[in-house]
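The values are calculated or read from the model by the stated rules, or taken from the named source; none is laboratory data. As the structure is a computational prediction, the values presented were derived from the model and not from experiment. Cβ atoms come from the backbone with ideal geometry, glycine included; neighbour counts cover every protein chain shown.
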Amino acid sequence: MRSKTAMELFQYWNTVRGDRPLPRRDEIAPTEIPSLLPDLFMLQRQADGTSRFRLAGTRVCALFGAELRDRQFSALWQESEKAELACVPEQMMTRCTPMLISAVGRSAAGDALQVELLLTPLASADGNIDRVLGTLSPLLRPPWLHMTPVISLAASGLSVLDPTMNSPLDDLRVPPGTTAVGVMNGRAPGRMLHLRVLDGGRRD
């Protein structure tokens, strides 16, 4: 995890959940994380298993030059990855485990921007896990940032964060010719992403 925004959200999510697998949506208080709000987004799971943006912060929308509310999460990704990346929020909610996605965004002019997305699961008041609270943060700030929109993202890695561990876990190696999403689903199509399990343990 390289983004300060992702680190702060993960710490907050971990604090709110306490000794439970995940916090409830109504326990997230925007007033407690005001500095994160421009980079935050929330997804809602749909009946078909896909996820749509319920809200997105000003910097997230500015990055893509558009309002993201009601758009599918898969719409952020390049065409060849839309189907597989659409599955990631559903897999994360099923596993009740935060995930970190490394990606490269590209503008229409071909400018590249490294970004990091953190996805954390949330439960509703009735215990149904149907929301994702996340951040999307550039790792660098080139002069064109927020003036020239990113038109798509290309994933370069996906890491599963284990918030219960206090020591680093060994990397889970993805067999050649498989994808991170494929490994999570027990299948092996597509191109390879690098899947790791990272230590997310609290040290308080």
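Being touching a Phe, Trp or Tyr at 6+ places or on another chain (Cβ under 8 Å) and modelled with pLDDT under 95: is that true of LEU43 here? Judged against the criteria, LEU43 is not a match. Cβ-Cβ contacts under 9 Å between residues 6 or more apart (or on different chains), taken from a first residue in the stretch 50-64 that is closer than 14 Å to GLY105 by Cα and free of Cβ contacts under 8 Å to residues at least 40 places away in the same chain to a second residue that is of a type in the set (A, V, I, L, M) and crowded, with 18+ Cβ neighbours inside 10 Å, are listed as CYS61/LEU68.
When restricted to residues that are in contact with a helix residue (DSSP H, G or I) (Cβ under 7 Å, 6 or more places away or on another chain) and closer than 20 Å to LEU158 by Cα, the stretch 1-39 contains 5. Answer yes if at least one residue in the stretch 56-71 is buried (at least 16 other Cβ atoms within 10 Å of the Cβ) and in a loop (DSSP other than H, G, I, E, B), and no otherwise. Yes, the stretch 56-71 contains a residue that is buried (at least 16 other Cβ atoms within 10 Å of the Cβ) and in a loop (DSSP other than H, G, I, E, B). Residues that are surrounded by 14 or more Cβ atoms within 10 Å (Cβ to Cβ) and either more than 16 Å from the chain's Cα centre (by Cα) or part of a loop (DSSP other than H, G, I, E, B) (or both) within the stretch 155-164 comprise just one, PRO163.
Among the criteria (1) charged (D, E, K, R); (2) outside any loop (DSSP other than H, G, I, E, B); (3) more than 17 Å from THR120 (Cα to Cα); (4) modelled with pLDDT of 95 or more, the one ARG52 does not fulfil is (3).
Yes or no, residue by residue, for (1) surrounded by 14 or more Cβ atoms within 10 Å (Cβ to Cβ); (2) over 28 Å from THR15 (Cβ atoms); (3) at pLDDT 95 or above; (4) of a type in the set (Lys, Arg):
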residue	(1), (2), (3), (4)
GLN91	yes, no, no, no
THR97	yes, no, no, no
VAL104	yes, yes, yes, no
ASP126	no, no, no, no
ARG131	yes, no, yes, yes
SER137	yes, no, no, no
LEU153	yes, yes, yes, no
VAL181	yes, yes, no, no
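Return yes or no: is VAL160 out of contact with any helix residue (DSSP H, G or I) (no Cβ under 8 Å at 6 or more places or on another chain) and hydrophobic (A, V, I, L, M, F, W, C)? When the stated conditions are applied, VAL160 does not pass them. Among the candidates LEU76, LEU113, the residue that is under 14 Å from the mean Cα position of the chain (by Cα) and not aromatic (Phe, Trp, Tyr) is uniquely LEU76.
Name every residue in the stretch 89-110 that is within 14 Å of PHE53 (Cα to Cα) and within 11 Å of the chain's Cα centre (by Cα), in order of residue number.
To start, the set of residues in the stretch 89-110 that are within 14 Å of PHE53 (Cα to Cα) comprises 89-90.
The answer is PRO89, and nothing else.
On the stretch given as the stretch 126-154, residues that are under 14 Å from ASP111 (Cα atoms) and assigned to a strand (DSSP E or B) total 6.
Looking at LEU43, is it in contact with a Ser or Thr (Cβ under 9 Å, 6 or more places away or on another chain) and not in a helix (DSSP H, G or I)? Outline the logic, then answer.
Working: in contact with a Ser or Thr (Cβ under 9 Å, 6 or more places away or on another chain): yes; not in a helix (DSSP H, G or I): yes.
Yes.
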